[in-house]
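Here the structure comes first, spelled out in structure tokens, and everything after it is commentary.
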Amino acid sequence: AQKITQTQPGMFVQEKEAVTLDCTYDTSDPSYGLFWYKQPSSGEMIFLIYQGSYDQQNATEGRYSLNFQKARKSANLVISASQLGDSAMYFCAMREGGSQGNLIFGKGTKLSVKP
Amino acid sequence: EAQVTQNPRYLITVTGKKLTVTCSQNMNHEYMSWYRQDPGLGLRQIYYSMNVEVTDKGDVPEGYKVSRKEKRNFPLILESPSPNQTSLYFCASSLEGALNSPLHFGNGTRLTVT
């Protein structure tokens with residue numbers, strides 16, 4: 001079974017609008033961390049935001065926020081006021097408590113921002 | 001500037017010719033890891049290292065070797081590359097292997113084995 005599921009292979013959003021990228025995860029470990037990364041066409045992996053399993057509040061970093069619903073095991077990324085430079089692949093990833101640091105990635109969502 | 005540096009960025013080689021992809025980080029991170037990225041399969045961990053002289057296999061270690069003789073360096077070695085190792089490779093590091101330590105990635109090495 002997949003540990004990280006991103007159900008949207010591709011998404012379109014109009015510039016300046018908000019967009020939500022979905023991520024669900026599967027773990028029986030009570031301690032875990034959830035991460036989102038951005039991969040532009042140039043190929044590098046850029047860390048965006050982190051959410052811990054024990055965090056009471058949803059994480060925010062500038063225009064990025066994480067809609068963390070623990071009971072549903074979902075950690076959706078919300079990008080507000082989309083910009084053309086947001087066009088990229090976005091990966092959700094998880095580290096479990098007993099994982100020796102391994103980050104498990106979803107297969108990604110390709111976001112395209114339209115002018 | 002804090003960064004993970006991989007070299008080379010692009011590499012084309014032939015089957016069986018040994019190669020090394022270098023990785024260096026200047027953040028004094030204890031944890032380092034190698035991933036490969038393939039279309040439809042996402043990123044998969046090859047090897048990781050919790051600290052100097054401590055390395056262990058990830059999910060797809062076959063055909064690869066690593067070493068961690070110094071804290072900052074974590075080279076990936078392909079003793080006898082094969083075409084199925086054609087991929088985009090990433091080196092990454094974090095302060096430790098803890099849950100809340102984000103991995104910082106190098107810019108990637110695109111390897112083609114013919």
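Bear in mind these aren't lab numbers, they're just calculated from the coordinates by the rules spelled out. Quantities reported herein were computed from a predicted structural model and do not represent experimental measurements. Counting neighbours? That spans all protein chains shown, and the Cβs are built from the backbone with ideal geometry, glycine included.
Could you compute how fast the stretch A:1-57 diffuses translationally, taking Rh as the Kirkwood radius over C-alpha pairs and applying Stokes-Einstein at 10 °C with viscosity 1.306 mPa s? Give it in µm² per second.
115
Would you mind counting up the charge near B:D38? Only other residues with Cβ under 14 Å from its Cβ, with Lys and Arg at +1 and Asp and Glu at -1.
On the way: positive: A:K107, B:R36, B:R44, B:R110; negative: B:D59.
Computed value for this residue: +3.
Ranking A:E44, A:E96, B:E1 by Cβ neighbours within 10 Å, fewest first, what do you get?
Fewest-to-most ranking of A:E44, A:E96, B:E1: B:E1, A:E44, A:E96.
Could you list B:T109, A:T7, B:T20, B:T55 in order of exposure, starting from the residue whose Cβ has the fewest other Cβ atoms within 10 Å? It would help to have the intermediate numbers written out before the result.
Values: B:T109 24, A:T7 11, B:T20 14, B:T55 18.
So the residues, fewest neighbours to most, are A:T7, B:T20, B:T55, B:T109.
Hey, can you grab everything whose amide H is under 5 Å from the amide H of B:D59? Only 5+ residues off in sequence or another chain; H modelled, so Pro and N-termini drop out.
Counting only residues 5 or more places away or on other chains, the set is B:Q45, B:I46.
Given charges of +1 on the Cβ of Lys and Arg and -1 on the Cβ of Asp and Glu, with all other atoms neutral, how large is the dipole of chain A about its Cα centre, in debye to the nearest 20?
Working: 11 positive and 10 negative charges, 35 e Å.
Here the size comes out at about 160 debye.
Of A:K73/A:K107; A:K107/B:K17; A:K107/B:K69, which pairs sit farther than 24 Å apart, going by alpha carbon to alpha carbon? Don't jump to the answer; show the numbers that get you there.
Values: A:K73/A:K107 17 Å; A:K107/B:K17 31 Å; A:K107/B:K69 33 Å.
Listed pairs above 24 Å: A:K107/B:K17; A:K107/B:K69.
What net charge is computed for the residues neighbouring A:D26, neighbours being all others with C-beta under 12 Å from the C-beta of A:D26, Lys and Arg scored +1, Asp and Glu -1?
Overall, the nearby charge balance is +1.
Assuming R0 = 30 Å, can you tell me the calculated FRET efficiency for the pair B:S80 and B:Q3, based on Cβ-Cβ distance, to the nearest 0.05?
Approximately 0.45, to the nearest 0.05.
Taking every pair of alpha-carbon atoms in chain A, give the share separated by more than 23 Å as a whole percent.
Tail fraction, whole percent: 24.
For peptide A:32-39, how many partner chain Cβ atoms fall within 10 Å of a residue's Cβ, on average?
3
Give me a single rounded figure for B:90-102: the average over its residues of other chain Cβ atoms within 10 Å of their Cβ.
For this peptide, the per-residue mean of nearby foreign Cβ atoms is 5.
Under Stokes-Einstein, with the Kirkwood radius over Cα pairs standing in for Rh, what whole-number D in µm²/s applies to the protein assembly as shown at 25 °C and 0.890 mPa s?
Working: Rh = 18.1 Å.
It comes out at roughly 136 µm²/s.
Regarding chain B, what are the three Cα extents along the principal axes, ordered largest first, in Å?
38, 30, 27
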